[in-house]
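> Have a look at the structure that comes next, please.
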Amino acid sequence: MENEIKKFYIADTHFGHKNILDYDKRPWPDLAHMERDMIAVWNAKVRDCDEVYILGDLIFGNADNWRRIVPQLHGKKFLIKGNHDLRQIPGDVSRMFAEVAPYWESHDGQYHIIMSHYPMMAYKHDANSGTLMLYGHVHNTIEFKALKNAIAVYKEQCEKSMYPYQGKLYNCWCGFYGYAPATLEEILSNKNNH
């Protein structure tokens, strides 16, 4: 179905953040190249009619960075705020998004989706196998590895206490998906993100 609206998810793009090149070991020589390429791969994949759920840390810096970058990105954009996003978003920038919230719930196909910038092991409906937690914040770092270990221990403890935990958490850090927004199918089939 060509005209069907698609849903995409992405976290931690960090447009405008020079230090992210080293922090994430991103494959660009400088910020200008990173921004140009990431905007291009975003727009090659996302149409203006598609929905993009941004799980925080979209743009680093002042509101002018937001005014420069956001209009270049295709899609109906939903911003789930992260720790590096503007604390106070000016009205003109806020209107570039369909919604700005600290947390969001939606449906995608058969799944109920819980979205937050921050990973939550215990999330709403975590005993339901049809509910997924999508998050960002930890990129592909030691914190992500620690989170995976903590989830394994949490699941084990829930089993011992007879709690029917079905937690399914997926890291939406852009680096796992070629620095472009990803469909839920791409997220679920990626072996590196959970």
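> Does GLU159 satisfy the criteria of being farther than 22 Å from GLY75 by Cβ and open to solvent by 50 Å² or more (accessible area, probe 1.4 Å)?
Against the criterion (farther than 22 Å from GLY75 by Cβ and open to solvent by 50 Å² or more (accessible area, probe 1.4 Å)), GLU159 qualifies.
> Select, from HIS125, HIS139, HIS117, the only residue that is of a type outside the set (Val, Ile, Thr), within 17 Å of the chain's Cα centre (by Cα) and on the phi > 0 side of the Ramachandran plot.
HIS139
> Taking the stretch 132-142, which residues are open to solvent by less than 10 Å² (accessible area, probe 1.4 Å) and of a type outside the set (Gly, Ala, Ser)?
Of everything in the stretch 132-142, those that are open to solvent by less than 10 Å² (accessible area, probe 1.4 Å) and of a type outside the set (Gly, Ala, Ser) turn out to be LEU132, MET133, LEU134, TYR135, HIS139.
> Next question. Could you list, ordered by first residue, the pairs with Cβ atoms under 9 Å in which the first is in the stretch 76-104 and closer than 13 Å to ASN65 by Cα and the second is surrounded by 18 or more Cβ atoms within 10 Å (Cβ to Cβ) and of a type in the set (Asp, Glu), at least 6 apart or interchain?
From the stretch 76-104, the pairs are HIS84/ASP12; HIS84/ASP57; ASP85/ASP57.
> Next question. Given the criterion of a type in the set (D, E, K, R) and either surrounded by 14 or more Cβ atoms within 10 Å (Cβ to Cβ) or touching an Asp or Glu at 6+ places or on another chain (Cβ under 8 Å) (or both), identify the matching residue among LYS81, LYS25.
Exactly one of LYS81, LYS25 is of a type in the set (D, E, K, R) and either surrounded by 14 or more Cβ atoms within 10 Å (Cβ to Cβ) or touching an Asp or Glu at 6+ places or on another chain (Cβ under 8 Å) (or both), namely LYS81.
> Here's a follow-up. Quick check: is even one residue across the stretch 50-67 more than 19 Å from TYR179 (Cβ to Cβ), among the small types (Gly, Ala, Ser) and at pLDDT 95 or above?
yes
> Separate question: Can you name every residue in the stretch 28-74 that is farther than 14 Å from THR13 by Cβ and assigned to a helix (DSSP H, G or I)?
ALA32, HIS33, ALA44, ALA63, ASP64, ARG67, PRO71
> Within the stretch 34-49, take every residue that is farther than 20 Å from PHE176 by Cβ and without any contact (Cβ under 8 Å) to a residue 40 or more places away in the chain and give me the one that is least open to solvent (accessible area, probe 1.4 Å).
ASP48
> Determine, yes or no, whether LYS18 is at pLDDT 95 or above and surrounded by fewer than 19 Cβ atoms within 10 Å (Cβ to Cβ).
yes
> Let me ask something else. For the stretch 164-178, give me the residue count where each residue is open to solvent by 10 Å² or more (accessible area, probe 1.4 Å) and within 11 Å of the chain's Cα centre (by Cα).
Residues flagged as open to solvent by 10 Å² or more (accessible area, probe 1.4 Å) and within 11 Å of the chain's Cα centre (by Cα) within the stretch 164-178 amount to 5.
> Something else: When the stretch 75-97 is examined, which residues are found to be in a loop (DSSP other than H, G, I, E, B) and within 22 Å of TYR179 (Cα to Cα)?
Answer for the stretch 75-97, where residues must be in a loop (DSSP other than H, G, I, E, B) and within 22 Å of TYR179 (Cα to Cα): GLY75, LYS81, GLY82, ASN83, HIS84, ASP85, LEU86, MET96, PHE97.
> Would you check if GLU2 is crowded, with 17+ Cβ neighbours inside 10 Å and either at pLDDT 95 or above or not polar (S, T, N, Q) (or both)?
No, not satisfied.
> Can you tell me which residue among SER129, SER106 is open to solvent by less than 50 Å² (accessible area, probe 1.4 Å) and among the hydroxyl-bearing types (Ser, Thr, Tyr)?
SER106
The values are calculated or read from the model by the stated rules, or taken from the named source; none is laboratory data. The structure presented is a predicted model; accordingly, all values stated were derived computationally and were not measured. Positions of Cβ are generated from backbone atoms using ideal geometry, with glycine treated the same way; all protein chains shown enter the neighbour counts. These area figures cover heavy atoms from the full protein model, side chains too; ligands, DNA and RNA do not enter into them. Shrake-Rupley method; radii C 1.70, N 1.55, O 1.52, S 1.80 Å.
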